[in-house]
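This report refers to the structure that appears directly beneath it.
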Amino acid sequence: MPFGAELEGGGRTRFRLWAPSSACVQLQLGEGEARTTHAMQRLAGGWHHLSVSAAAGSRYKFLVQTRGGGTMPVPDPASRSNPGGVHGASEVVDPHGYRWRSHDWRGRPFCEAVIYELHVGTFTAEGSFAAAARRLPELAALGVTALQLMPLAAFPGRRNWGYDGVMQFAPAGCYGAPDDLKAFIDGAHALQLMVFLDVVYNHFGPEGNYLHVYCPEFFNAAQRTPWGAAINFDGRDSATVREFFIDNALYWTQEYRFDGLRLDAVHAMRDTSTPDIVCEIAARIRQASTGRELHVVLENNRNEAHYLRRDARGTPLCATAQWDDDVHHSLHVVCSGEADGYYADYAQQPIESLGRALAEGFAFQGEYSKYRDRARGEPSGDLPPSAFVGFLQNHDMVGNRACGDRIQNFANPALLTAAYACLLLSPQVPLLFMGEDFAASTPFLFFCDFGAELAAAVTHGRRREFERFAAFAADAAAVRIPDPNAEATFSACKLRWEERELPGHRERLALIRGLLELRRRHVTPHAAQFSRAGRYWVTDGLLHLRWRRSSGDAWSVQANFTSRSINAEVPEQPVYAAGVRDYPGTGAGSTQARIEPGGAIAAWTAAARPLLA
């Protein structure tokens, strides 16, 4: 790794810092009275270098010149570990200290993925890598084949969603040591589970980012984002900045053996280069894959299908897949009837939008978006279903609600059963948010742990954000929105695993488990054969979906989101269906066939079956 601290052997460590604006940089090695200071050699290109006696576990900082002319001790922006937090000293780490056990793991094709998104701090009561690892066998037994960890880059304080990270190479110390994270990944691989990491390359968090102080070259003031000046991917001195993030992607996939990355909000990564940073990261990851299956998944609200194109053999030219907001928004409107904000784009014909998103990838493929007041998206009908990740919930869709309430708290429970059948029996890659499998009662709120001044601003801003909603328009009502900085807000989000055995929760768990078993038996074995988009149509309120396999036969899903039976002329073939058994009980459902005599599909039921060519 060209950045940061690298063990050289013989008890020595090489330290490197890129700081073109600092004429002089010193290394502070050790802490307290034992601290020593060493001058670093300035090299060409803005680099500062020093090789000195230092073993793994040594603590250090860099003493840099600030833009104001003074000096300041700062942690290493490429620190592999910062046990004392983002303001503390960095730690030298031996990258080869962990002894891996799953030596034969080579990953899995992305089309086999059933993704489970989790936040390490709230996934268990302990909130650690080690505690999360102990839950992995239950997820594997459920039918999950991939985990996606919310961002781990070190952030200020003891609790955060992860999107305020400021040290891209240092796993947050509040979850455990670097080797604890490696043990988590190792354990997942032993269970045949892929592990993806959510990474944030569009901005640094607002507290603990010292690069603004001494290395303005990291930012491009001519490009703006919602978080301020953009990261410098295409301006002067951008080559080293680009390499910093490329090396970070390689670091996670090579040193930690993650099976892929989810790139957060690539629409906010300002870059006019060719290739742009997104495609360059994807290419470099694949070049270094050494026979492993590695995947790059995007979040991109622009629906830019060109990032997802395949070559003649079906190999991704850039990204493997994209989170598909259109699937979520359509399902959300169908199940809840909500039409505020961006949901307004789907309110007029939600079932048609859902059909197009599940069959063709994007519901918006260049059409005008009223919410955005512009055309949105690119044609996606030539892409395979596995290029899209569909979901009914994720961290944003739950956490961006004022009180972090999950969908079973406000949606029609009868419709949810058919929705889950559509989601989990589609050839698209499905994603579940932690606790969704058992209808967890715990919310997922927005939480953080900033210093006092910033904390007050965040709390005020969070409450102002919801003023446009009638329920929170009054000041007294806005106070009901949980304080993001309160520890109680964070604690309220921790999953209660004992709920899995309670009424209402165990029925949801049985539904999800049953649907995933059907997926394992009837969809996954043929996943690679779904190489093109499907077809959809709506008749009398019934959604028809069909995807043809390369073998010539097809997989069909029909979903009835109405309160009446609809004649579907079901042929005499094996039928796999999910329908409500105990409506209106929360989460009640069954994976038993509910096709009525005469071929009618019952209310709130989805049926799936193979069809002959």
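The values are calculated or read from the model by the stated rules, or taken from the named source; none is laboratory data. Model, not experiment: these values are computed from the prediction. All Cβ positions, glycine included, derive from the backbone under ideal geometry; neighbour counts span all protein chains shown.
Are any residues in region 494-539 polar (S, T, N, Q) and over 24 Å from the mean Cα position of the chain (by Cα), and if so, which ones? Break it down stepwise before answering.
Keep residues of region 494-539 that are polar (S, T, N, Q), which gives 524, 529, 531, 539.
Within region 494-539, GLN529, SER531, THR539 qualify.
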**Fill in**
Inside region 86-131, the number of residues satisfying the requirement of being closer than 16 Å to PRO151 by Cβ and of a type outside the set (Phe, Trp, Tyr) is 9
**Request:** Check region 529-538 and report whether any residue there is at pLDDT below 95, among the β-branched types (Val, Ile, Thr) and farther than 17 Å from PRO610 by Cα.
**Result:** no
**Message:** Could you tell me how many of the residues in region 400-448 are not charged (D, E, K, R) and not in a loop (DSSP other than H, G, I, E, B)?
**Reply:** 22
**Asked** With respect to the numbered conditions (1) more than 17 Å from the chain's Cα centre (by Cα); (2) in a helix (DSSP H, G or I); (3) over 30 Å from VAL25 (Cβ atoms), which one is the sole condition not fulfilled by THR122?
**Response** (1)
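Scan region 527-543 residue by residue and report those that are touching a residue at least 40 places away in the same chain (Cβ under 8 Å) and either assigned to a strand (DSSP E or B) or of a type outside the set (A, V, I, L, M, F, W, C) (or both). Break it down stepwise before answering.
If we filter region 527-543 for residues that are touching a residue at least 40 places away in the same chain (Cβ under 8 Å), which is where we start, we get 527-528, 530-538, 541-543.
The answer is SER531, ARG532, GLY534, ARG535, TYR536, TRP537, VAL538, GLY541, LEU542, LEU543.
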**Asked** Considering LEU142, LEU149, LEU136, LEU191, which residue is of a type outside the set (Ser, Thr, Tyr), under 28 Å from PRO525 (Cα atoms) and crowded, with 23+ Cβ neighbours inside 10 Å?
**Response** LEU149
**Item:** From ALA125, ALA113, ALA130, residue being buried (at least 17 other Cβ atoms within 10 Å of the Cβ) and either touching a Lys or Arg at 6+ places or on another chain (Cβ under 7 Å) or aliphatic (A, V, I, L, M) (or both)
**Value:** ALA113
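Just for strands (runs of 3 or more DSSP E) wholly inside region 156-264: which have at least 1 residues that are over 25 Å from ASP449 (Cα atoms)? Steps first, answer last, please.
Working: elements: 167-171, 194-199, 219-225, 228-231, 260-263.
Output list reads 194-199, 219-225, 260-263.
Restrict the check to region 364-381 and report whether at least one residue is outside any loop (DSSP other than H, G, I, E, B) and in contact with a Leu (Cβ under 6 Å, 6 or more places away or on another chain).
We begin by selecting, within region 364-381, every residue outside any loop (DSSP other than H, G, I, E, B); these are 367-369, 374-376.
Add one more test, that the residue is in contact with a Leu (Cβ under 6 Å, 6 or more places away or on another chain), and what stays is none.
No, that holds for no residue.
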**Item:** Restricting region 51-99 to residues that are assigned to a strand (DSSP E or B) and touching a residue at least 60 places away in the same chain (Cβ under 8 Å), the residue that is surrounded by the fewest Cβ atoms within 10 Å (Cβ to Cβ)
**Value:** MET72
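Identify, please: which residue in region 36-70 is out of contact with any His (no Cβ under 7 Å at 6 or more places or on another chain) and among the basic types (Lys, Arg) and is, among those, modelled with the lowest pLDDT?
Within region 36-70, the first condition is being out of contact with any His (no Cβ under 7 Å at 6 or more places or on another chain), and the residues that meet it are 36-39, 44-49, 51, 53-70.
When the remaining residues are screened for being among the basic types (Lys, Arg), the result is 59, 61, 67.
On the way: ARG59: 98, LYS61: 98, ARG67: 76.
It comes out as ARG67.
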**Asked** Has region 127-136 got at least one residue that is under 23 Å from ARG292 (Cα atoms) and at pLDDT 95 or above?
**Response** yes
**Message:** Quick check on region 9-47: of everything there that is loosely packed, with under 12 Cβ neighbours inside 10 Å and in contact with a Lys or Arg (Cβ under 9 Å, 6 or more places away or on another chain), which residue is nearest to TYR256 (Cα to Cα)?
**Reply:** LEU43
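For region 478-501, state whether one or more residues are part of a helix (DSSP H, G or I), at negative phi and at pLDDT below 95. Step through it out loud before you land on a result.
Residues of region 478-501 that are part of a helix (DSSP H, G or I), as a first pass: 478, 487-491, 497-501.
So of that shortlist, the ones also at negative phi come out as 478, 487-491, 497-501.
From what is left, the residues that are at pLDDT below 95 are 478.
Scanning region 478-501 turns up at least one residue that is part of a helix (DSSP H, G or I), at negative phi and at pLDDT below 95.
State yes or no: is SER102 among the hydroxyl-bearing types (Ser, Thr, Tyr), touching a residue at least 40 places away in the same chain (Cβ under 8 Å), in a loop (DSSP other than H, G, I, E, B) and not assigned by TED's automatic domain parsing to the domain that holds CYS24?
On the way: among the hydroxyl-bearing types (Ser, Thr, Tyr): yes; touching a residue at least 40 places away in the same chain (Cβ under 8 Å): yes; in a loop (DSSP other than H, G, I, E, B): yes; not assigned by TED's automatic domain parsing to the domain that holds CYS24: yes.
Judged against the criteria, SER102 is a match.
So which residues in region 11-38 are under 22 Å from THR240 (Cβ atoms) and either among the aliphatic types (A, V, I, L, M) or without any contact (Cβ under 8 Å) to a residue 12 or more places away in the chain (or both), if there are any at all? Give the derivation first.
Quick first cut of region 11-38, residues under 22 Å from THR240 (Cβ atoms) only: 13-27.
Passing the criteria: LEU17, ALA19, ALA23, VAL25, LEU27.
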